[in-house]
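Values quoted throughout were computed directly from the atomic coordinates according to the rules given, and no laboratory measurement underlies them. Small disclaimer: the values here were computed from a predicted structure and weren't measured. Neighbour counts are summed over all protein chains in view; Cβ atoms, including those assigned to glycine, are modelled from backbone coordinates with ideal geometry.
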């Protein structure tokens, strides 16, 4: 995670086509998130935003995919939050 003028840059490792959706942990410094949608026409990216929004307790409008639209390694901008707040929320998720 890195600070950004508008919030925090969150690296995400996406796993599309999984049996269930959710945050699975941290892998290589990125939040590992699985979604049931397949990687086709942005469906998995849309599902990722929904899972992240619910898991991190932020609005979907606060999440923007900055990099990795067609890759498993993605970079999301989480607006209106600090690195410390995001760390705490992720920590609670992974307990």
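Tell me which label goes with the value of Rg and Dmax of the Cα atoms in Å computed from the coordinates here: [x] 19.2, 69; [y] 11.8, 34; [z] 12.1, 36. Derived directly from the coordinates: [z].
Mean residue ellipticity at 222 nm, helices only, the chain: -8500 deg cm²/dmol; runs of at least 4 DSSP H residues each add -39,500 (n - 2.57), and the sum is divided by the number of residues.
Each of 53, 20 was scored by other Cβ atoms within 10 Å of its Cβ. Listed from fewest to most, they are 20, 53. Taking the 0 to 90 degree range and rounding to the nearest ten, how far is the long axis of helix 83-93 tilted relative to the main principal axis of the chain, both from C-alpha atoms? Relative to the chain, helix 83-93 is tipped by roughly 50 degrees. Looking at the chain, the DSSP beta bridges with both ends there are about 85 percent antiparallel. Which residue fluctuates most in the GNM of the chain (Cα springs below 10 Å): 23, 58, 12? Residue with maximal mean-square fluctuation among 23, 58, 12: 58. Inter-label distance, residue 89 to residue 70: 3.0 nm, where each label sits 7 Å from its Cα along the C-beta direction.
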